[in-house]
């Protein structure tokens, strides 16, 4: 949902299924390895210059680190920047302050602000255009350890030591379930987008779960991007394609 772009992800979302191979994680020391131009020798294997110089849609980077933010602004000004949901912006004043930062094109608030319309409605149009809502979070709405979870997952993916985070949610052992996400008070479905968010001037939406497997990704795409009468036709076409590994 939102702009169709490729994004270099700094941090993955908290999850229960292990390392996400589609996400690159950075330490501050990694910044010095970034080549300043496409084809530069050495480097970390990630070449932001390739993304920055794309002839297609503008590429962007989701960032948490202020150090990475300043580096990208200085060396790759062609990339747009998104403030990551890993900042866990649950305080509305902090969210508004982040939205007012000109260096960010979009800001992803914590999903628990998704329906804070008494405060969201106070935002001027220019700031509403910058809010990117996380639609399908499955984490417990009352969780107080979300930031610690993000930090622990990031350390694990970087191969660094530190405290192991154990999710205390009563449903943690079951993993991600889209049906449970739909029951979350912060869930934003396609009907919510059409009837509530778009009329209010909010047009950026984020779907999590890229590492959850093809079957769940199919359900996300059916719910958000396929008209209901065509759900069965899409499912049949995919199920009958023996070249796909859905489960």
Nearest-0.05 FRET efficiency for residue 116 and residue 225, computed from C-beta distance (R0 35 Å): 0.85
Alpha-carbon centroid distance for the pair segment 178-204 / segment 100-162, whole angstrom: 15
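I want to verify the translational diffusion coefficient of segment 103-247 in µm²/s; compute it with Stokes-Einstein, Rh as the Kirkwood radius over Cα pairs, at 37 °C and 0.692 mPa s. Provide the component values of the computation, followed by the final result.
Numbers: Rh = 17.4 Å.
Answer, rounded: 188 µm²/s.
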Separation in nanometres of the label points that stand 7 Å from Cα toward Cβ, at residue 100 and residue 236: 5.6
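Between residue 214 and residue 78, what's the calculated FRET efficiency when r is the beta-carbon distance and R0 is 41 Å? Round to 0.05.
In this case the efficiency is close to 0.80.
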Pairwise label distance in nanometres, residue 67 with residue 93, each label 7 Å out on the Cα-Cβ vector: 3.0
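Relative to the present Cα-Cα distance, how much length would full extension add between residue 126 and residue 144 at 0.36 nm per residue of separation?
Values: separation 18, 0.36 × 18 = 6.48 nm, distance 3.07 nm.
Residue separation times 0.36 nm, minus the Cα-Cα distance, leaves 3.4 nm.
Quick note: the coordinates plus some simple rules give every number you see, no bench work behind them. What you see is a predicted model; the values in this text were computed from it and never measured. With ideal geometry, Cβ positions are generated from the backbone for all residues, glycine too; neighbour counts draw on all protein chains shown.
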